[in-house]
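Report on the following structure.
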Amino acid sequence: MSLTSLPAQLPPARGARLQQFLDLGWPHRKLEAWRHTDLAPLARREWHWTTLPAQDDAQKVDARDHFALLNSALATAPAAGEHTPDRVDADVQVHTQGRHAVAAHATDHQVLRREGTVDGLRSHWQHLQLDHHSQSHLVWVSDPQGSGHDLSRLSITVAEGATLALVVVHLGRAITRLELDIHLQGPHSAAHLHVLSLPAAGGFDLPVTVHHQAPHAVSRLRLRAIGLAGTRSSINGRIKVYEGAIKTDSEQHMASLLLSPRAEINAKPDLEIYNDDVKCAHGASFGQLDEDALFYLRARGLNDATARALLTQGFAEQVLREIPDEALRTSLTDTLLQRLRDAEP
């Protein structure tokens, strides 16, 4: 069965959203929002339907939002504690949708994993709400294998006095896109985002938008990308400061390390400000491993590969050290080093 044929058992409201998606067509690189994640090849594939939702819902989505239309049409609620399927077959679509709330004055620790083999299309939409004066420490680990497409959207709202600490680490091979949408809705709310992109193959596309919607809110974005041969990282960090969001304090910096002339890294920090009483800064830097540092390590007995891996690990450590779980931090460091050893020159 191809995706152009709607299954008869799909509820009417969801069927209407899926039809809107089909009318728009699969996202392609001529669309600005999808220029780094081309789904056009998926339009030529044959798809089989798996478990479909049994009920309609009243969710409203933007009729021009490809992700929202497709995901809301086919989303199924995951079981308690389940965030991602372990496996996605080549001709199967799996869509999950979850919501999680952090109660007032509470502290929450979560690790969300996107793993398994993806040879078709997998999408996931997660909603997180931080109530007033709560804290959330969230680690998003993305390590999908296979040749397919893994799409995710993480929407987070942060209430008055609440603090979000989010670490994103991508080390996978499947073509991956994570859309981050963070809303600082309450006064004195805060978001601290640390990202490490090291695709072992394919590409990683990370569009981030932080919405400063209330006074005295703080955001810090530290985004790092490592480019291996034949891979692409694309990071678009957008800070939007709304009218009335006085005393906004926002900083973002993107640092990129190119390890091969056949690597591609796109970094685009962006500011959109609608009032004057703010403090905002942004920047991006690109570079390669320091030859003097490499010479220093080689002069002390390390071979070239080990010296390069050590310096690259130091670059990545600026993000990995933000992971509070020592066992997870060690495991991800080991995976990173293995990816570097396996990389083409």
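Listed values, structure above:
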{"read-out": "Criterion violated by Leu336 - all others in (1) touching a strand residue (DSSP E or B) at 6+ places or on another chain (Cβ under 9 Å); (2) without any contact (Cβ under 8 Å) to a residue 12 or more places away in the chain satisfied", "value": "(2)"}
{"read-out": "Residue within the range 206-218 that is outside any loop (DSSP other than H, G, I, E, B), in contact with a Ser or Thr (Cβ under 8 Å, 6 or more places away or on another chain) and closer than 23 Å to Glu344 by Cα present", "value": "no"}
{"read-out": "Pairs where the first residue, in the range 312-332, is within 16 Å of Gln110 (Cα to Cα) and free of Cβ contacts under 8 Å to residues at least 24 places away in the same chain and the second is part of a loop (DSSP other than H, G, I, E, B) and basic (Lys, Arg), C-beta under 8 Å, 6+ apart", "value": "Arg329/Arg321"}
{"read-out": "Residue check, Ile246 farther than 29 Å from Gln288 by Cβ and either within 18 Å of the chain's Cα centre (by Cα) or at pLDDT 95 or above (or both)", "value": "yes"}
{"read-out": "Any hit, the range 144-161, residues being in contact (Cβ under 8 Å) with a residue 24 or more places away in the chain, in contact with a helix residue (DSSP H, G or I) (Cβ under 6 Å, 6 or more places away or on another chain), crowded, with 23+ Cβ neighbours inside 10 Å and not in a loop (DSSP other than H, G, I, E, B)", "value": "no"}
{"read-out": "Residue check, His188 surrounded by fewer than 21 Cβ atoms within 10 Å (Cβ to Cβ), in a loop (DSSP other than H, G, I, E, B) and of a type outside the set (Lys, Arg)", "value": "yes"}
{"read-out": "Which listed residue, of Ala293, Ala284, Ala267, is small (Gly, Ala, Ser) and in a helix (DSSP H, G or I)", "value": "Ala293"}
{"read-out": "Test for Ala200: is it under 17 Å from the mean Cα position of the chain (by Cα), within 30 Å of Asp38 (Cα to Cα), of a type in the set (Gly, Ala, Ser) and not in a strand (DSSP E or B)", "value": "yes"}
{"read-out": "Given (1) surrounded by fewer than 23 Cβ atoms within 10 Å (Cβ to Cβ); (2) touching a His at 6+ places or on another chain (Cβ under 9 Å), index of the condition Ala200 fails", "value": "(2)"}
{"read-out": "Among residues of the range 225-242, those that are buried (at least 23 other Cβ atoms within 10 Å of the Cβ) and either outside the structural domain of Leu271 (by TED's automatic domain parsing) or part of a strand (DSSP E or B) (or both), counted", "value": "8"}
{"read-out": "Residue match in the range 326-341 (condition: surrounded by 11 or more Cβ atoms within 10 Å (Cβ to Cβ), under 16 Å from Leu196 (Cβ atoms) and in contact with a His (Cβ under 6 Å, 6 or more places away or on another chain))", "value": "no"}
{"read-out": "Any hit, the range 165-177, residues being in contact with a Phe, Trp or Tyr (Cβ under 6 Å, 6 or more places away or on another chain), of a type outside the set (Lys, Arg), within 23 Å of Asn71 (Cβ to Cβ) and buried (at least 24 other Cβ atoms within 10 Å of the Cβ)", "value": "yes"}
{"read-out": "The range 39-77, subset more than 20 Å from the chain's Cα centre (by Cα), modelled with pLDDT of 65 or more and aliphatic (A, V, I, L, M), residue farthest from Leu10 (Cα to Cα)", "value": "Ala40"}
{"read-out": "Number of the condition not met by Val218 [criteria: (1) under 27 Å from Ala343 (Cβ atoms); (2) β-branched (Val, Ile, Thr); (3) over 15 Å from the mean Cα position of the chain (by Cα)]", "value": "(1)"}
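The values are calculated or read from the model by the stated rules, or taken from the named source; none is laboratory data. Computed from a predicted structure; not experimentally measured. Cβ sites come from the backbone with ideal geometry, for glycine too, and all protein chains shown count toward neighbours.
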